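Below is one structure, written out as structure tokens; comments come after it.
Since every read-out is calculated from the coordinates, none of them should be taken as a lab result. Every value quoted in this text rests on a predicted model; they were computed, and no experiment measured them. Because the Cβ atoms are built from the backbone with ideal geometry, glycine has one as well, and the counts that use them run over all protein chains shown.
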Amino acid sequence: MKDKEHNPKQLKLIDANGIRLDGRRYDELRPIKIEAGVLKKADGSAYIEWGNNRVLAAVYGPREAHPRHLQDPAKALVQCRYNMAPFSVTERKRPGPDRRSVEISKVISEAFASVVFAEQFPRTSVDIFIEVLQADAGTRCAGLTAASVALADAGIPMRDLVASCASGKIGGVVCLDLNKDEDNFGEADCPMAIVPRTGDVVLLQMDGHLTEEEFHSALDLSIKATKGIYQLQRQALLRRYATAAQEGEEPPRADIREPPSEVNDL
Amino acid sequence: MTEVISELMREHIQRLAASGTRTDGRAFDEPRKLVVEKNYIKTAEGSARVRLGNTDVLVGIKIDTGEPYPDTPNSGVLSTSAELIPMASPSFESGPPRPEAIELARVVDRGIRETKAVNMENMCIVPNEKVWVMFIDIHVLDYDGNLFDASSYGAVAALSCAKVPASKIGKEDYPLPLENWPVSVTSARIGDTIVVDPNLDEERIADARLTVTTDEKGDLRAMQKGLKGSFRLDEIRRIIETSQRVGRSIRETIRT
Amino acid sequence: MDESGPARRQVVIPGELLDGRGLKPGSGTYVEGDQIFAAHIGIRQEREGFVDVVPLSGRYIPRARDAVVGQVIDLGPSHWLTDINSPYPAPLHATESPWRVEFGDTERFLRVGDAIIAGVLSVDEAMHVQLTMADRQYGRLHGGQIIEIPHVRVPRVIGQRGTMIAMIRDFTRVEMFVGQNGRIWLDGSPTDVGHAVHAIHLIEERAPLVGLTDTVREYLVGAYGRGAAPPTGRN
């Protein structure tokens, strides 16, 4: 959601046949590609291309929470840091968090806090990093979608993945997945994130002007789209762990309490 | 996350070095595999993603019009900054740039500036009023040692495919002319052994580190010694010779 | 019951429904209503009336009686603080060491940077961990090297009833200790250790499989140009 701009050229964002400037219809997503396990150091990671968005997500955790006085004795802290690289936007963005990034970090942290089984890891933190490398509107949805995959890749226990998508209104028409021009010159934008299995909404924001009916249409469009997005997330994870399915039966953990070895140097 | 490396591993790496090998089987003067992907980011005027072994760095160039510095009214502006983003390593924290990030940016900047890789006089649009301002932003994605070289290769590669957005001043965009190709080669001293392109394990136990940036003729353009140990003069001479030699083959990779 | 048939061996992701068929919820699962779901990414496996999700990823969380390779990162007057590659700092109390340690004299026995083999004595509900070295198999490590693999691969490195690690030892004659926390200590001639490390990496990366054991054996036979020495279980 960018600050709405004055539309000097009176861009016609959607024509009489319902075709948008990039050729999509009102209910079409931009092309999405997701890859899991792309970084070596992080415990889990994922990379997403969503239209012209390119976003990297990484997870470290659970790890000891610092500073100590912020630790929760009952559960893990689930913290997300959303950041845009300086070269990710047309006008260079100065490095470091701005107010928009801080707000997005907060709402994404809260989205994940509701699905992660944090009580299993008291006094730790699960740190999620979302880095926007190239932006074209919808970066928080792309980031959240990738971060879900990164969390699963890191082995973090969760109720479910979280799938995210935005819808809005352009040229008076409720449309799915606005790109940058549409977000800038349209009438409303509404990012959301959902727990696919239960339908619980864990992130919801809106700005602009929508009637109640339009809002429900927008939400409906997004929810439908998240079904496909969830499959892409799932496929990315299955591809990453494809060889795991080929091995024979797992040795039980009890086997592995090693018989004392001949470490006679001690 | 602890940064303490165990004495056992320190001794192991030193033993390997004393017997002529490294943990990843490389020769002492052998850098890791270098992969350069140019034009990686469309919102940048130039960009490159560099993988040096498992170290992964993305560099973006942003070019826009702006005012010149008062003491160089006919010259464009070049500014380099580096972010050690927390996802790249458990030892990187969020927050304002640490000395390591600032040193990294300044050393990469020096190599480019001192080689006059970009002719800054040609970046002037209207003397005293309007010049091209170039930002080199180094974004470290995955840290496995030797950020100096990976970032420097990324910056030069990004500059080599950058386009000056002259359409902003009513002209046609044109490729940024790169007049020189500086190449930095970093060596580390482990005991009496000097190794090129230290990986993370080697960096963590190294006594001293020296980055040497050379141009096509092999002349020196920038140098930076790091870490708390020292170098003997003959070691410095050897490192310079290695940097010239290794630098030549790396230059070929970045050029293509 | 065919437990290793391809249809049964399935990668599941968090939130995926695990077909119960009268099975009880095992590790790595959670229950909602009367259905069992995967809690983390892993392999769905049925064992003794339970359905489990064997983890494919995740940090090492210590359990009592685990043997681990640790590294001393700090010390106090009556304990050493150890990093065991886990989110929880693991103190080793002087009373759990094989030595008589006077108060304040801990540095004489173990220093920051020392590598040790220790056992996990206890883990309480708030995840406070205590280590012990009060057993002959534990102690400080000298020489050799330590490599790290994801701890979820440790069962494969050891193998069913210890057969995989026995095979690696038989071929390479390398001294090895595999910590539950994914750290492995090895000592031997550089060539032999190199072969052992390579074999472990094959296991870590799930190298192209006929069966994992066959893949590793093939590599070791190729490296040593002979069949394995008669299996002894230990060197």
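Laid out as a table, the results:
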read-out: Chain B: most fluctuating residue of B:SER187, B:SER91, B:SER160 per GNM, C-alpha cutoff 10 Å; value: B:SER91
read-out: Three-way shape call for the stretch C:67-140 based on the alpha-carbon gyration tensor, with the a/c threshold at 1.5; value: rounded
read-out: Peptide B:45-51, shielding by other chains (average Cβ, 10 Å cutoff); value: 1
read-out: Tilt relative to chain B, helix B:99-114 - C-alpha long axis, 0 to 90 degrees, to 10; value: 60 degrees
read-out: Sparsely packed trypsin sites (Lys or Arg not before Pro) within the stretch B:156-194, loop by DSSP, other Cβ within 10 Å at most 15; value: B:LYS171
read-out: Other protein chain Cβ atoms within 10 Å, averaged over every residue that makes up A:150-162; value: 6
read-out: C-alpha center-to-center spacing [the stretch B:143-196, the stretch B:201-224] in angstrom; value: 15 Å
read-out: Kyte-Doolittle mean at least 0.5, axial Cα span of 18 Å or more - DSSP H helices of chain A; value: A:139-153
read-out: Cross-link partners of A:LYS33 among aspartates and glutamates (Cα-Cα below 12 Å; sequence separation of 8 or more within a chain); value: A:GLU49
read-out: The stretch B:17-255, relative contact order in percent, only Cα pairs under 8 angstrom and at least six apart counted; value: 22 percent
read-out: Reach of B:LYS171 by Cα under 30 Å, taken over lysines that are not fewer than 8 positions away in the same chain; value: A:LYS2, A:LYS4, A:LYS9, A:LYS12, A:LYS93, A:LYS180, B:LYS38, B:LYS42, B:LYS62, B:LYS116, B:LYS130, B:LYS163
read-out: Value of relative contact order over chain A, rounded to a whole percent, pairs C-alpha under 8 Å and six or more apart; value: 21 percent
read-out: Long-range amide H partners of B:TYR40 with built H, under 5 Å; value: B:SER47, B:ALA48, B:ARG49
read-out: Amide H contacts of C:ILE36 (H built 1.01 Å from N, under 5 Å, at least 5 apart or other chain); value: C:LEU18, C:GLY20
read-out: Shielding of A:223-235 by partner chains, average beta-carbon count, 10 Å; value: 1
read-out: Reach of C:LYS24 by Cα under 28 Å, taken over lysines that are not fewer than 8 positions away in the same chain; value: A:LYS75
read-out: Protection-proxy order for peptides C:147-156, C:30-39, each taking the mean of Cβ atoms within 10 Å per residue, highest first; value: C:147-156, C:30-39
read-out: Rounded if a/c under 1.5, otherwise prolate or oblate - chain A, Cα gyration tensor axes; value: prolate
read-out: 5 angstrom amide H check on B:ALA82, placed H, neighbours 5+ away; value: B:ALA105, B:ILE138
